[in-house]
Amino acid sequence: MILKTQNLILRPWTEDDAECLYHFAKNPNIGPIAGWPPHESVEDSLNIIKTVFSKKETYAIVYNAVPVGCVGLLFHPDTNHWWGEGAAELGYWVGEQYQGRGYATEACEKLIKRAFDVLGVEKIYATYKNENSASKRVLEKLGFKFYAELNNVDYSNRPFSEIAVILEK
């Protein structure tokens, strides 16, 4: 499935994207704030494409033919939390040099519309770390509302709190 917005193409990740993914995902300012470790090699990125990014409704955010980020809807059991029947979890990130241009919001808007109009989703949840003010702003622009504060553990087994938000159809 390929989705188009005014500025972006959302398309499935391919193995050919591994080098580009590594370029953005090795940045320590990207993964840890979202709860995943920076990629350590192109092979690491290729493995992520083959596993995590191969799930249905997970898309490369492509700008000018370059995959600059990722947006996806996760469904149980692949979600970080159990949100209930008819629910999905939204996740996204954009490479640091492409942040602040509205691409995360634009990509999420398209996927949210698909979730509600085509996939039959009734509720979409998302989470962000307290210190991730950029992600908070994206979710506010999308109309998400506070749901709960959660305690969690990141990839290096460090505890942290995160805010869960909800958007209902």
Using 0.36 nm times the number of residues separating L3 and S161, minus their current alpha carbon distance, what extension gain do you get?
53.6 nm
Using θ = phi - 60° and Karplus 6.51 cos²θ - 1.76 cosθ + 1.60, couplings along the range 96-102 (whole Hz; Gly, Pro as x):
3, 6, 10, 6, x, 10, x
For a quick check of your reading of the filter: which GluC sites (Glu not before Pro) in the range 44-106 sit in a DSSP loop and have no more than 10 other Cβ atoms within 10 Å?
E85
Over the chain, what is the relative contact order in whole percent, taking alpha-carbon pairs under 8 Å and six or more residues apart?
19
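May I ask you to compute the full-extension gain from T79 to D16, defined as 0.36 nm times their residue separation minus their alpha-carbon distance, rounded to one decimal in nm?
Taking T79 through D16 to full extension adds about 20.1 nm, to one decimal.
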Cross-link list K50/K141; K4/K129; K50/K136; K141/K169; K50/K169: which exceed 27 angstrom alpha carbon to alpha carbon?
K50/K141; K4/K129; K50/K136; K50/K169
First check a/c for the range 29-103, with a ≥ b ≥ c the square roots of the eigenvalues of its C-alpha gyration tensor; if it is under 1.5, answer rounded, and if not, answer prolate when a/b is larger than b/c or oblate otherwise.
prolate
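Readers should treat all values here as calculations from the given coordinates under stated rules, not as data from a laboratory. Keep in mind the model is a prediction, meaning the values are calculated, not measured. Glycine gets a Cβ as well: all are built from the backbone with ideal geometry, and neighbour counts include every protein chain shown.
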